[in-house]
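The block underneath contains the structure these notes are about, expressed in structure tokens.
Please treat every number below as a calculation from the coordinates, not as lab data. Computed from a prediction, not measured in an experiment: that's the story for all the values here. Note that each Cβ is placed from the backbone with ideal geometry, even for glycine, and that neighbours are counted across all protein chains shown.
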Amino acid sequence: MGFFKKKTNTKEQSTPPSQTNENSSPNDLKTSLQDNIQFVKNSLGESSDIVIREIRIGQDGSVKAGIFYTDGLTDTPSLQNFIMESLMLDIKGTGLEKKLTPGHNLLTALKDFAMTVGEIKDLTNFDDLFTSLLSGDTILLIDGYSEGLVMGNKHWVERGITEPASQTVVRGPREGFSENLRVNTALIRRKIKDPNLWMESKVIGTRTKTNVSLMYIHGVANDKIVNEVRLRLDRIDIDGILESGNIEGFIEDSTYSPFPTVFNTERPDIVAAALLEGRIAILVDGTPFVLIVPALFVQFFQSPEDYYVHTGIGSLIRLLRFFAFMIALLAPALFVAITTFHQVMLPPALLISLTAQREGVPFPAFVEAIIMEVTFEILREAGIRMPRSIGSAMSIVGAFVIGTAAVEAGIISAAMVIVVSITAISSFVSPTYNMAISVRILRFGFMGLAASFGLYGLAIGLVALILHLCSLRSFGVPYMAPFAPFNVSDQKDTLIVVPIWKMFTRPRLINQTNVVRQQDPASAKPQPPKNEESGE
Amino acid sequence: MKKSLLVLLILTLFLSGCWDRRELNELGITMAMGIDKSENQYVISAQVVVPSEVSMKTNSQGRSAVTLFQASGESVYEALRKMTKNSPRKIYPGHLLILVISEDLAKEGIAESLDLLSRDWELRPDFYVVVAKNTTASEVLNVNTPIESIPATKMYKSLKVSERNWAGTKGIILDELIKDLLTDGKEAVLTGIEIIGDKEIGSSKQNVETITSSTEIKYDHLAVFKGDRLVGWLNEEESRGYAEITNSVKSTVTAIPCPKKGKISVNILHYNAKVTGAINKGTPEVNIKIQAEGDLGEVQCPIDLTKPKTIDELEKIYEKEVEEVIHRTIDTVRSQYASDIFGFGEAISRSNPKEWDKMKEHWDEEFPEVTVNTQIDMKIRRIGTVNNSFLEKIKD
């Protein structure tokens with residue numbers, strides 16, 4: 001659906017400033033080194049972390065040169081050893097020094113013979129200069145040239161690769177993404193050494209100039225979807241991207257739907273698995289959260305561990321997650337509906353027990369449920385935001401509020417405490433935080449429906465919810481696939497998880513062209529070697 | 001399209017019927033109800049549960065677990081609503097377990113009083129209906145019971161358990177009762193409930209504080225109806241005979257005489273009775289075919305159980321005993337009440353609807369004359385954990 005109508009936008013994509021080839025625009029580098037230095041200083045407001053070092057190189061120091069770098073973002077030892085030393089000292093031992101007279105091929109000569117740095121680029125204008133300088137590269141300008149060199153030696157202090165805080169597993173790799181885009185792409189490359197693993201880089205954010213990489217396996221990922229992602233990324237025009245959540249907000253299909261249509265993860269193994277299925281990963285510099293599209297409903301119930309453990313327990317846990325999802329969504333609503341409208345549904349003993357608990361409780365069941373749910377949400381939010389050191393105090397207070405104290409005070413009935421607690425615990429079963437959030441939002445709506453219309457309202461609400469879910473698309477793929485549209489072979493990884501040797505194909509709707517994962521299904525099943533001699 | 005669908009969904013929310021929102025503590029949970037009649041007025045008694053006294057929570061204050069509200073009115077419904085005059089909570093009959101009808105009302109006819117109970121949406125028509133024998137319904141509901149603190153639960157469970165394990169009682173739910181009242185060629189029966197002991201003490205807590213309750217409520221006898229009027233009672237043996245004919249035995253223990261002297265108890269585990277009707281040369285005929293299987297439960301006479309012949313002999317005795325009970329029951333019912341509670345007419349209508357159509361107008365005259373053939377086949381499967389009784393070895 002979304003593939004075609006957005007094509008008109010391609011021509012509007014903002015061309016990078018460096019492409020403007022007008023003669024001697026104010027953006028172009030000037031010939032005079034002094035002018036350039038002055039311009040840089042003025043433009044950056046003489047910021048103190050910008051270091052500009054003027055040196056003299058070549059025969060008798062006849063060539064004036066300037067080295068620009070940002071303190072803290074540049075690897076100072078490598079700057080000194082491989083740039084300054086090369087230019088000022090090492091060069092003297094070679095015959096090259098004599099060539100370094102003001103002449104036409106000076107920069108090329110330096111680039112080709114002198115600079116012992118891996119990544120090196122030409123530079124012609126100030127926009128590129130500022131981008132490189134502020135990204136941590138070192139800039140070399142030489143007096144008399146309206147060109148310069150960019151040496152890549154970025155280096156700054158960063159967090160190492162640690163175990164991800166979300167989506168933890170018992171069995172599985174412990175490494176998680178970090179804030180550095182390069183490290184993150186390397187983590188994925190280490191898992192998939194396929195030449196077809198392609199990466200496209202984009203710079204998004206007119207001021208932050210955040211690096212964004214698009215990764216997919218060429219030939220496995222559906223080209224239409226790759227194009228669509230590319231288009232949506234190119235459409236983004238904002239001053240800053242600080243987290244992949246910002247990107248998600250721009251590219252997701254339905255902003256107001258409570259359900260996430262973009263998956264995010266901190267785990268390289270999830271990204272690798274998604275790439276192998278034909279999905280597309282979007283990595284954003286500065287955050288460990290990598291986006292995966294298209295994201296379907298079932299994906300939010302799949303934990304990487306499901307594929308690492310025995311298929312039986314994997315399937316049971318998968319079913320348990322769907323069950324917990326229903327509890328988290330409906331338990332308080334069902335409780336309110338049944339106890340205020342459909343008491344006939346309760347077994348007599350339970351009815352009497354519940355009634356006895358409600359004796360003396362001043363609020364209607366719905367108000368009671370809302371009080372408890374809101375209290376729990378407050379506790380949860382406080383638990384996340386507050387300083388770590390007050391954690392234990394928090395949990396003690398929390399246990400009092402949602403617990404026997406509330407019951408003994410006669411404000412809340414004990415059954416309601418149980419219902420709210422089981423709901424809260426169930427919402428944490430979801431392996432992804434996103435789906436838990438959508439459940440949190442919807443739960444209150446269902447409680448309202450249940451309190452006003454009983455089970456009938458709940459049924460109507462569920463019908464509306466299912467209609468909504470079936471109408472959602474993630475990058476052109478129906479959100480409820482493979483349930484609706486139904487696909488038999490894709491059921492292998494939905495409610496249950498079949499053994500890995502039975503997963504012959506990739507999900508069909510994501511990947512219509514190249515679906516085969518295992519070429520020879522017959523030999524896939526583990527079995528003892530056939531003894532050909534005995535001829536049994 | 002999408003919008004109109006949404007509007008439709010929202011509209012349907014407001015179009016639902018039976019819509020009533022009540023908090024749990026606004027319900028007067030009624031588990032047993034009684035209907036009496038005095039001076040053309042219905043007197044309704046509702047046994048309402050006091051939840052805080054029943055619940056496991058410790059704040060019980062030693063008050064009675066149930067309380068009885070009474071109201072009278074021209075109709076059952078009116079009386080039920082009038083009850084709010086003395087009850088703080090509206091009567092909620094959704095969990096009704098048992099309905100007691102007084103003998104007096106039953107003699108006058110029960111049909112009118114049952115309409116509300118089958119019509120009202122709040123009621124599930126799966127509660128037992130019983131008849132208070134020699135007493136009023138309100139007095140039956142006024143007795144404290146041990147073990148089950150809610151008398152309604154006691155009445156419900158006793159009936160269920162005894163029906164299943166003894167077969168002298170029959171749990172009839174409202175739906176079945178109405179079906180029996182409507183079916184041609186089958187009359188209704190209901191189990192009787194009676195009070196044994198002092199009715200005054202029965203309603204006090206004192207009744208359950210002693211080991212032996214001075215007042216008890218107990219099921220006994222089957223009430224025989226003709227149409228919707230009670231016409232008489234079957235005694236215990238006849239009640240069991242009724243159960244044996246109508247295939248309502250699930251499990252029971254029957255004592256049969258030994259070949260010489262003493263008694264042997266047979267524990268019946270599988271029981272199947274089939275009543276088929278036939279028209280034989282213009283006269284109706286009923287065949288009762290019974291297949292029973294059981295174990296020997298108790299042997300009070302010295303016989304050699306290791307011999308297959310003895311077992312065969314015992315099976316014969318059982319068959320004869322049951323046959324006699326069945327015939328005695330049928331004779332009593334025919335001679336005293338002339339009410340076809342066994343459903344013989346129904347059996348005949350099933351086998352020969354055309355003849356039945358001619359016959360049903362004067363079935364009451366035909367019923368006492370119907371030939372009843374019985375064919376009983378009993379198998380003893382096991383004799384318990386010992387072979388011959390040790391009685392044999394006791395020397396005088």
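Data for the structure
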| item | result |
| --- | --- |
| Label zone at B:Thr385, where the point sits 7 Å out along the Cα-to-Cβ direction: region B:289-331 residues whose backbone N lies under 16 Å | B:296-299 |
| Rounded to whole Hz, the Karplus (6.51, -1.76, 1.60) HN-Hα couplings of region A:260-268, x for glycine and proline | x, 10, 10, 8, 10, 8, 9, 9, x |
| Förster radius 45 Å - calculated FRET efficiency between A:Ala393 and A:Ile192 (Cβ-Cβ, nearest 0.05) | 0.45 |
| Shape metrics for chain B, restricted to C-alpha atoms - Rg then Dmax, Å | 25.3, 96 |
| Added length on full extension, which subtracts the Cα-Cα distance from 0.36 nm per residue, A:Met326 to A:Val401 | 24.5 nm |
| Rounded to whole Hz, the Karplus (6.51, -1.76, 1.60) HN-Hα couplings of region B:252-260, x for glycine and proline | 7, 10, 10, 8, 10, x, 6, x, 9 |
| Calculated [θ] (222 nm, deg cm²/dmol) that DSSP helices of n ≥ 4 give over chain B, each run adding -39,500 (n - 2.57) | -9000 deg cm²/dmol |
| Peptide ranges A:335-346, A:240-251 listed from the most packed, as the mean C-beta count within 10 angstrom indicates | A:335-346, A:240-251 |
| Percent of Cα-Cα distances greater than 18 Å, calculated over region A:425-536 | 69 |
| Kirkwood hydrodynamic radius over Cα pairs of region A:359-416, then Stokes diffusion coefficient at 4 °C and 1.567 mPa s, in µm²/s | 107 |
| Packing-based exposure ordering (other Cβ within 10 Å, fewest first) of B:Trp233, A:Trp156 | A:Trp156, B:Trp233 |
| Residue-span extension gain [B:Glu293 to B:Ile10] - 0.36 nm each, minus C-alpha spacing | 95.9 nm |
| Cα Rg over Rh - region A:134-238, Kirkwood | 1.05 |
| Surrounding net charge for A:Phe39, when Lys and Arg each add one and Asp and Glu each subtract one, Cβ distance under 13 Å | -2 |
| Alpha carbon convex hull of region B:237-393, projected area averaged over orientations, nm² | 10.0 |
| Where only C-alpha atoms are counted, convex hull volume of region A:303-378 per residue in Å³ | 128 |
| Kirkwood hydrodynamic radius of chain A, from inverse mean 1/r over distinct Cα pairs, in Å | 27.9 |
| Computed E for B:Ile201/B:Lys157 - FRET, C-beta separation, R0 22 angstrom, nearest 0.05 | 0.45 |
| Under the Karplus curve 6.51 cos²θ - 1.76 cosθ + 1.60, θ = phi - 60°, whole-Hz ³J(HN,Hα) for region B:362-374, x wherever Gly or Pro sits | 10, 5, 4, 7, 6, 3, x, 9, 4, 6, 10, 9, 10 |
| Folded to 0 to 90 degrees: helix B:151-165 orientation relative to chain B principal axis, Cα | 20 |
| For chain B, the longest site-free run once trypsin sites (Lys or Arg not before Pro) in DSSP loop states with at most 11 other Cβ atoms within 10 Å are removed | B:64-259 |
| D_trans [Stokes-Einstein, Kirkwood Rh over alpha-carbon pairs] for region B:24-234, 20 °C, 1.002 mPa s, µm² s⁻¹ | 124 |
| Long-range HN-HN contacts of A:Ser178 with modeled amide H, under 5 Å | A:Asn184 |
| FRET efficiency, B:Glu209 to B:Glu323 (Cβ-Cβ, R0 41 Å, nearest 0.05) | 0.30 |
| Cross-link pairs B:Lys133/B:Lys205; B:Lys37/B:Lys85; B:Lys37/B:Lys160; B:Lys133/B:Lys289; B:Lys85/B:Lys186 - those with Cα-Cα distance over 31 Å | B:Lys133/B:Lys289; B:Lys85/B:Lys186 |
| Under-5 Å amide H pairs with B:Leu269, H placed in peptide plane, nonlocal only | B:Glu293, B:Gly294, B:Asp295 |
| Shielding by other protein chains, B:24-31, mean Cβ within 10 Å | 6 |
| Solution diffusion estimate, µm²/s, Stokes-Einstein, region A:309-478, Kirkwood Rh from C-alpha pairs, 37 °C, viscosity 0.692 mPa s | 187 |
| Loop chymotrypsin sites (Phe, Trp or Tyr not before Pro), region A:444-533 (other Cβ atoms within 10 Å of the site Cβ: 11 or fewer; DSSP) | A:Phe486 |
| When region A:149-300 is reduced to its Cα atoms, the Kirkwood hydrodynamic radius in Å | 15.9 |
| MRE, 222 nm, helices only [DSSP H, n ≥ 4, -39500 (n - 2.57), over chain A, to nearest 500] | -12500 deg cm²/dmol |
| Separation between Cα centres of region B:371-395 and region A:27-46, rounded to whole Å | 117 |
| Overall dimensions of the protein assembly as shown by Cα: Rg and Dmax, Å | 44.0, 143 |
| Shape parameters for region A:28-152, alpha-carbon atoms, Rg then Dmax in Å | 13.4, 41 |
| 10 Å Cβ neighbours from other chains, averaged over peptide B:45-55 | 4 |
| Those lysines that a straight Cα-Cα span of less than 17 Å connects to B:Lys263, excepting residues fewer than 8 apart in one chain | B:Lys316, B:Lys320 |
| Long-range amide H partners of A:Asn264 with built H, under 5 Å | A:Ile292 |
| A:Ser48 paired with A:Trp501, simple spin-label distance in nm, labels 7 Å along Cα-to-beta-carbon | 6.7 |
| Surrounding net charge for A:Val344, when Lys and Arg each add one and Asp and Glu each subtract one, Cβ distance under 12 Å | -2 |
| Overall Cα dimensions of region B:315-377 - principal axes, largest extent first, Å | 40, 26, 15 |
